[in-house]
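The values are calculated or read from the model by the stated rules, or taken from the named source; none is laboratory data. As the structure is a computational prediction, the values presented were derived from the model and not from experiment. Because the Cβ atoms are built from the backbone with ideal geometry, glycine has one as well, and the counts that use them run over all protein chains shown.
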Amino acid sequence: MSLHDKVRNNEELGRYELTVAGSTALVTYDMRDGKIALTHTEVPGALTGQGVASELAKGTLDDIRARELKVLPLCSFIESYIKRHPEYQDLVG
């Protein structure tokens, strides 16, 4: 199983989470006019430089696609990830 397959949507806290080696990376979000606004990406220092943020972004965007929602990429990391991965451009709304 790839890391992006382990991303889970914690709706109660309004964030997507990926836990690796006991540390949790996250993307916070809120709903705005039927779209999901991705507002912040945070990766603990112990996980930086390991591709965790990219795996988190992929898992997050895959879930959003499955839920048939559009994305407002307000987080600069998510915005740049979508630019580098044009297969997610159709989600931006």
Checking Ser76 against (1) of a type outside the set (Val, Ile, Thr); (2) at positive phi; (3) at pLDDT 95 or above, the condition it does not meet: (2)
Out of Glu12, Glu68, I need the residue that is at positive phi and either part of a helix (DSSP H, G or I) or exposed (fewer than 11 other Cβ atoms within 10 Å of the Cβ) (or both). Which one? Glu68
Starting from residues that are under 14 Å from Cys75 (Cα atoms) and among the β-branched types (Val, Ile, Thr), keep the ones in the range 15-33 and report whichever is surrounded by the fewest Cβ atoms within 10 Å (Cβ to Cβ). Thr28
Which members of the range 63-88 meet the condition of being in contact with a Leu (Cβ under 7 Å, 6 or more places away or on another chain) and charged (D, E, K, R)? Arg65, Lys70
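Go through the range 34-44 and give me each residue that's more than 15 Å from Pro73 (Cβ to Cβ) and either part of a strand (DSSP E or B) or modelled with pLDDT of 95 or more (or both). Let's see the steps before the verdict.
Kept after step one, since they are more than 15 Å from Pro73 (Cβ to Cβ), are these residues of the range 34-44: 34, 42-44.
Across the range 34-44, the qualifying residues are Glu42, Val43, Pro44.
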When the range 52-67 is examined, which residues are found to be out of contact with any Lys or Arg (no Cβ under 9 Å at 6 or more places or on another chain) and either aliphatic (A, V, I, L, M) or at pLDDT below 95 (or both)? Val52, Ala53, Leu56, Ala57, Leu61, Ala66
Quick check on Thr60: is it touching a residue at least 40 places away in the same chain (Cβ under 8 Å) and either touching a Leu at 6+ places or on another chain (Cβ under 8 Å) or in a helix (DSSP H, G or I) (or both)? yes
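Would you check if there is a residue in the range 38-61 being of a type in the set (Lys, Arg) and loosely packed, with under 13 Cβ neighbours inside 10 Å?
Of the range 38-61, the ones of a type in the set (Lys, Arg) are 58.
Subset that is loosely packed, with under 13 Cβ neighbours inside 10 Å: none.
The answer is no, given that none of the residues of the range 38-61 is of a type in the set (Lys, Arg) and loosely packed, with under 13 Cβ neighbours inside 10 Å.
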